[in-house]
Amino acid sequence: MRVPEITDVPADAPGLSGAAVPGRPSRLLQALTILLGLDEHRCPACGMPVSGADCAKTAEPLLRARMRACGLCADCARALPPLSGARCRSCGLSLPGPAGGRQLCGDCLHRPPPWQALALCGDYGGRLRQLILRFKHGGRPALAFLLAGMLLEAAACLPLPDVIVPVPQHPKHLFRRGYNQAHELAVALGLQLDLPVRPLLRRTKEVPPQTGLPAALRRRNPVGSFCAPALEGLHLWLVDDIITTGSTLRTAAEALRAAGARRVDVLALARTPLP
Ligand SMILES: [Zn+2]
Ligand SMILES: [Zn+2]
């Protein structure tokens, strides 16, 4: 997805001469704000101070666009993904060999997932992991807007859905954290795309947290744990934060397909390597 640049605005556009236009600060005011350091904020990934001047002196256009869109410092904008290397096109698992193929991992070859396409920001590690941890466990639901922006970069090639659906959390976990991170992401996506967000999936039984469970148990864990109302003919984006074994997403997508969804695509922030 193309992020608009300030340089895209024609030179004779209102406001560039210093004259204020309704709802937009004048150039003089912007310059004063930068000069006095009043535009400084903290990078949401590492907490370092960032200013508009830092952004303006960054030479690479893509990096600058990401800094502007997400409020990141240059280091974090550079360190966060795009994805690289060979990947399973269905579940995003990192695979050996050269990038760019249409390869599938053994699991997806053996048991094709119930979704059509996957958009993924990166592997669960480094700066992306830091950011997700702050979002998920640091009481920072507002980071959803930054992360949703990255998801939109990753999903630029996907057709837009009729509805965006978050993977639900069990009420007990929701109570503990105060928010469902997948729901926050879905809402941020919906606001940026002007698309409806609906919590269509309902958990039908409690699922213990997957952390620390052996892989075989984690795969078995969420079976039969979701249901959905009739969704005849709808194209859905199913949103979650982290793909571990993919079994939660698989069960959720199966429930959506069983309810009549025409197409389900999965959007997730990160993929863990195989345990
Ligand atoms: Zn940073
Ligand atoms: Zn796979």
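Below are the figures for this structure:
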| item | result |
| --- | --- |
| Relative compactness, the range 106-271, computed as alpha-carbon Rg over 2.2 N^0.38 Å | 0.97 |
| Net charge of neighbours whose Cβ lies under 12 Å from the Cβ of Ala255, counting Lys and Arg as +1 and Asp and Glu as -1 | +3 |
| Where labels lie 7 Å past Cα in the beta-carbon direction, separation of Ala230 and Arg134 in nm | 4.6 nm |
| Value of Rg/Rh across the range 106-166 [Cα atoms, Kirkwood radius] | 1.03 |
| Relative packing of peptides 126-135, 264-273, 191-200 - highest average C-beta neighbours within 10 Å first | 264-273, 126-135, 191-200 |
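Values in this text are rule-based calculations from the coordinates and carry no lab data. It should be emphasised that the depicted structure is a prediction, and the values quoted were computed from it without experimental measurement. Virtual Cβ from ideal backbone geometry, glycine too; neighbours counted across all protein chains shown.
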